[in-house]
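What follows is a set of notes on a single structure, which appears directly below.
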Amino acid sequence: MGIVKIDDALHEGARRASTVMCRSINAQAEYWMKIGMLAEANPTLSFNHLVAMQLGAAQGSATELAAA
């Protein structure tokens, strides 16, 4: 874990978004970073496809845990 310095305006945007999405500010920033990394790694995929891909991966993980 570490400290990341971000612009005040970006922090305020994360604060507002975190309130709407019922996440902590840190969780909102992590979410944005994860989606941004996925978007850079998969530039031809839409946001909806990236989210669906992550939901599928989470479903697979939950199924594996239930089977164990």
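The values are calculated or read from the model by the stated rules, or taken from the named source; none is laboratory data. Bear in mind that the values here come from a model prediction, so they are computed numbers and not experimental data. All Cβ positions, even for glycine, are placed from backbone atoms using ideal geometry, and neighbour counts span all protein chains on display. Heavy atoms of the whole protein, side chains included, go into the accessibility calculation; ligands, DNA and RNA do not. Shrake-Rupley method; radii C 1.70, N 1.55, O 1.52, S 1.80 Å.
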Checklist entry - On the given criteria, is S46 among the hydroxyl-bearing types (S, T, Y), surrounded by 12 or more Cβ atoms within 10 Å (Cβ to Cβ) and at pLDDT 95 or above? => result no
Next on the checklist: Suppose we keep only residues that are in contact with a helix residue (DSSP H, G or I) (Cβ under 9 Å, 6 or more places away or on another chain) and of a type in the set (A, V, I, L, M) within the stretch 1-19. Which one would you say is surrounded by the most Cβ atoms within 10 Å (Cβ to Cβ)?
Outcome noted: A14
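Of a type in the set (S, T, N, Q), open to solvent by less than 80 Å² (accessible area, probe 1.4 Å), at pLDDT 95 or above and in a helix (DSSP H, G or I), is that true of S61? It would help to see each step written out before you state the result.
Values: of a type in the set (S, T, N, Q): yes; open to solvent by less than 80 Å² (accessible area, probe 1.4 Å): yes; at pLDDT 95 or above: no; in a helix (DSSP H, G or I): yes.
Judged against the criteria, S61 is not a match.
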Checklist entry - If you go through the stretch 21-40, how many residues are assigned to a helix (DSSP H, G or I) and exposed (fewer than 12 other Cβ atoms within 10 Å of the Cβ)? => result 4
